[in-house]
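Comments concern the structure below.
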Amino acid sequence: QVQLVESGGGLVQPGGSLRLSCTASGFTLDLYTIGWFRQAPGKEREGLACINASESRTYLTDFVKGRFIIPRDNAKNTIYLQMNSLRPEDTALYYCTVMQRLCSSVAKVAAWGQGTQVTVSS
(Lines give C-alpha, C1' and ligand atoms only; values in the text may rest on other atoms or scores of the structure.)
Protein backbone atom coordinates (compact mmCIF):
# COMPACT_ATOMS: atom_id res chain seq x y z
CA GLN A 1 0.00 0.00 0.00
CA VAL A 2 1.33 3.40 -0.97
CA GLN A 3 1.10 5.80 1.94
CA LEU A 4 2.51 9.09 3.16
CA VAL A 5 2.38 9.95 6.84
CA GLU A 6 3.11 13.44 8.13
CA SER A 7 4.11 14.07 11.70
CA GLY A 8 5.80 16.67 13.85
CA GLY A 9 3.15 19.34 13.98
CA GLY A 10 2.14 21.12 17.13
CA LEU A 11 2.00 24.42 18.91
CA VAL A 12 5.01 26.69 18.68
CA GLN A 13 5.62 30.30 19.63
CA PRO A 14 6.39 32.94 17.03
CA GLY A 15 10.06 32.86 16.12
CA GLY A 16 10.34 29.21 16.98
CA SER A 17 11.20 26.24 14.82
CA LEU A 18 9.51 23.00 13.95
CA ARG A 19 10.49 20.04 11.81
CA LEU A 20 7.77 18.15 10.03
CA SER A 21 8.36 14.63 8.79
CA CYS A 22 6.90 12.90 5.79
CA THR A 23 7.52 9.18 5.84
CA ALA A 24 6.67 6.98 2.89
CA SER A 25 5.62 3.37 2.91
CA GLY A 26 5.05 1.12 -0.04
CA PHE A 27 7.51 2.97 -2.25
CA THR A 28 10.96 4.49 -2.20
CA LEU A 29 10.55 8.17 -1.54
CA ASP A 30 13.57 9.44 -3.43
CA LEU A 31 12.30 7.92 -6.68
CA TYR A 32 9.26 10.22 -6.71
CA THR A 33 8.63 13.90 -6.91
CA ILE A 34 7.39 15.14 -3.55
CA GLY A 35 5.52 18.29 -2.63
CA TRP A 36 4.79 20.15 0.57
CA PHE A 37 1.54 22.08 0.83
CA ARG A 38 -0.38 23.85 3.53
CA GLN A 39 -3.89 25.11 4.01
CA ALA A 40 -5.20 27.48 6.64
CA PRO A 41 -8.90 27.63 7.52
CA GLY A 42 -10.81 29.65 4.98
CA LYS A 43 -7.81 30.08 2.74
CA GLU A 44 -6.61 28.59 -0.49
CA ARG A 45 -4.17 25.72 -0.38
CA GLU A 46 -0.61 26.93 -0.80
CA GLY A 47 2.26 25.10 -2.40
CA LEU A 48 5.44 25.40 -0.37
CA ALA A 49 8.04 23.20 -1.97
CA CYS A 50 8.61 20.62 -4.63
CA ILE A 51 11.46 18.13 -4.66
CA ASN A 52 12.19 16.48 -7.97
CA ALA A 53 12.77 12.80 -8.34
CA SER A 54 16.10 11.75 -9.81
CA GLU A 55 17.45 15.27 -10.16
CA SER A 56 17.31 15.86 -6.39
CA ARG A 57 16.49 19.50 -6.94
CA THR A 58 14.31 21.42 -4.53
CA TYR A 59 12.07 24.30 -5.49
CA LEU A 60 10.87 26.51 -2.69
CA THR A 61 8.08 29.04 -2.85
CA ASP A 62 9.37 32.58 -2.59
CA PHE A 63 7.49 33.50 0.56
CA VAL A 64 9.19 30.77 2.61
CA LYS A 65 12.67 31.01 1.16
CA GLY A 66 15.23 31.71 3.83
CA ARG A 67 13.06 30.18 6.56
CA PHE A 68 12.15 26.70 5.35
CA ILE A 69 14.48 23.98 4.15
CA ILE A 70 13.89 20.41 2.98
CA PRO A 71 16.31 17.87 4.46
CA ARG A 72 15.86 14.20 3.75
CA ASP A 73 16.97 10.89 5.13
CA ASN A 74 16.78 8.23 2.47
CA ALA A 75 17.65 5.49 4.96
CA LYS A 76 14.46 6.35 6.84
CA ASN A 77 12.47 6.93 3.65
CA THR A 78 11.63 10.33 5.07
CA ILE A 79 11.65 13.89 3.85
CA TYR A 80 11.37 16.84 6.20
CA LEU A 81 10.07 20.34 6.23
CA GLN A 82 12.34 22.29 8.55
CA MET A 83 10.55 25.50 9.47
CA ASN A 84 12.40 28.31 11.18
CA SER A 85 11.41 31.79 12.29
CA LEU A 86 7.79 30.76 12.38
CA ARG A 87 5.08 33.36 12.18
CA PRO A 88 1.41 33.27 13.10
CA GLU A 89 0.55 33.29 9.41
CA ASP A 90 2.32 29.95 9.09
CA THR A 91 -0.51 28.37 11.06
CA ALA A 92 -2.05 25.74 8.80
CA LEU A 93 -2.53 22.08 8.14
CA TYR A 94 0.60 20.86 6.38
CA TYR A 95 0.61 18.07 3.83
CA CYS A 96 3.21 16.16 1.94
CA THR A 97 2.29 14.71 -1.42
CA VAL A 98 3.46 12.57 -4.27
CA MET A 99 3.32 14.52 -7.49
CA GLN A 100 2.28 13.09 -10.85
CA ARG A 101 5.21 14.64 -12.66
CA LEU A 102 8.40 16.56 -12.13
CA CYS A 103 8.12 19.94 -10.46
CA SER A 104 6.48 22.51 -12.65
CA SER A 105 3.70 25.06 -12.57
CA VAL A 106 1.26 22.42 -13.82
CA ALA A 107 2.32 19.48 -11.69
CA LYS A 108 -0.60 17.73 -10.03
CA VAL A 109 -0.86 15.74 -6.83
CA ALA A 110 -1.08 11.97 -7.13
CA ALA A 111 -1.35 11.13 -3.43
CA TRP A 112 -1.79 13.03 -0.17
CA GLY A 113 -0.79 12.41 3.37
CA GLN A 114 -3.27 12.99 6.17
CA GLY A 115 -1.75 16.31 7.20
CA THR A 116 -0.26 17.59 10.42
CA GLN A 117 -1.40 20.73 12.17
CA VAL A 118 1.02 23.56 12.87
CA THR A 119 -0.15 26.36 15.13
CA VAL A 120 2.07 29.38 15.70
CA SER A 121 0.81 31.42 18.61
CA SER A 122 1.85 33.03 21.84
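Shown here is the pair-distance distribution of the chain: with all Cα-Cα distances grouped in 5 Å bins from zero up to the longest one, the shares run 2, 12, 24, 26, 20, 11, 5, 1, 0 percent.
Average accessible surface for the chain: 54 Å² per residue, computed with a 1.4 Å probe over protein heavy atoms with every protein chain in place.
Between L11 and Q82, the contour length at 0.36 nm per residue exceeds the Cα-Cα span by 24.1 nm.
May I ask you to derive the FRET efficiency for A75 and S122 from their Cβ-Cβ distance with R0 = 30 Å, giving the value to the nearest 0.05?
0.20
Extending 7 Å from Cα along the Cβ direction at S104 and again at R57 yields two label points whose distance is 1.3 nm. Mean projected area of the convex hull spanned by the Cα atoms of the stretch 80-122, taken over all viewing directions: 3.9 nm². Nonpolar atom fraction for the chain, defined as the carbon and sulfur part of the 1.4 Å probe accessible area, stands at 47 percent.
Once fully extended, how much extra length lies between E44 and D30, figured as 0.36 nm per residue of separation less the alpha-carbon to alpha-carbon distance?
Answer, rounded to one decimal: 2.2 nm.
The values are calculated or read from the model by the stated rules, or taken from the named source; none is laboratory data. This is a predicted model, so every value here is computed, not measured. A quick note on method: Cβ atoms are made from the backbone with ideal geometry, for glycine too, and the neighbour counts reach across all protein chains shown. Please note that ligands, DNA and RNA were not included when accessible areas were found on the heavy atoms of the full protein model with its side chains. Shrake-Rupley method; radii C 1.70, N 1.55, O 1.52, S 1.80 Å.
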